[in-house]
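> Once you've had a glance at the structure underneath, I'll fire off some questions.
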Amino acid sequence: MRIGELAARTGLATSAIRYYEAQGVLSAPTRGTNGYRCYAEDDIERLRIIRKSQNLGFTLDVIRGLFAKDGVCLYDDHTLATVDARLRDIEALQASLAEQNQELLTLKARLGSALHERDKAG
């Protein structure tokens with residue numbers, strides 16, 4: 001399939017697909033006699049994995065490391081460690097956000113009390 005069809009089927013811009021190729025996270029496609037890129041069905045799934053990984057906060061360098069030279073996604077101890085590290089990052093972020101949320105709720109309550117006291121006095 002040509003790049004336009006791949007873009008339509010994945011919801012990505014053709015420029016994004018070319019960028020992923022240039023960054024080495026998507027294997028270079030074969031070229032037809034006319035010079036057009038010719039993508040395989042497997043490229044659809046690979047692009048979905050790339051986008052999902054990015055949405056989960058992984059960099060292209062990390063994503064590149066998830067794939068073997070033949071383009072197959074690697075699921076090994078390194079991949080598991082990478083996912084575990086990202087989970088720890090998210091858990092730390094959640095804890096920080098929960099703390100900030102509590103601080104904001106406390107501030108809101110104090111401001112509400114101060115406004116109520118001001119209105120009673122005024």
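We did not get these values from a lab; they are worked out from the coordinates using the rules stated. Treat the numbers as computed from the prediction; the structure is a model and nothing was measured. Neighbour counts are summed over all protein chains in view; Cβ atoms, including those assigned to glycine, are modelled from backbone coordinates with ideal geometry.
> Quickly run through region 8-60 and pick out the residues that are farther than 26 Å from His78 by Cβ, of a type in the set (A, V, I, L, M) and buried (at least 18 other Cβ atoms within 10 Å of the Cβ).
Hits for region 8-60 are Leu12, Ile17.
> A follow-up question, please. Return a yes/no flag: does region 34-47 have any residue that is within 18 Å of Leu12 (Cβ to Cβ) and small (Gly, Ala, Ser). Step through it out loud before you land on a result.
Initial filter on region 34-47 (within 18 Å of Leu12 (Cβ to Cβ)): 36-47.
Now narrow it down to the ones that are small (Gly, Ala, Ser): 40.
Yes, region 34-47 contains a residue that is within 18 Å of Leu12 (Cβ to Cβ) and small (Gly, Ala, Ser).
> When both residues are 6+ apart or on different chains and their Cβ atoms are under 6 Å apart, which pairs have a first residue that lies in region 34-59 and is within 16 Å of Asp84 (Cα to Cα), and a second that is β-branched (Val, Ile, Thr) and outside any loop (DSSP other than H, G, I, E, B)?
From region 34-59, the pairs are Ser53/Ile63.
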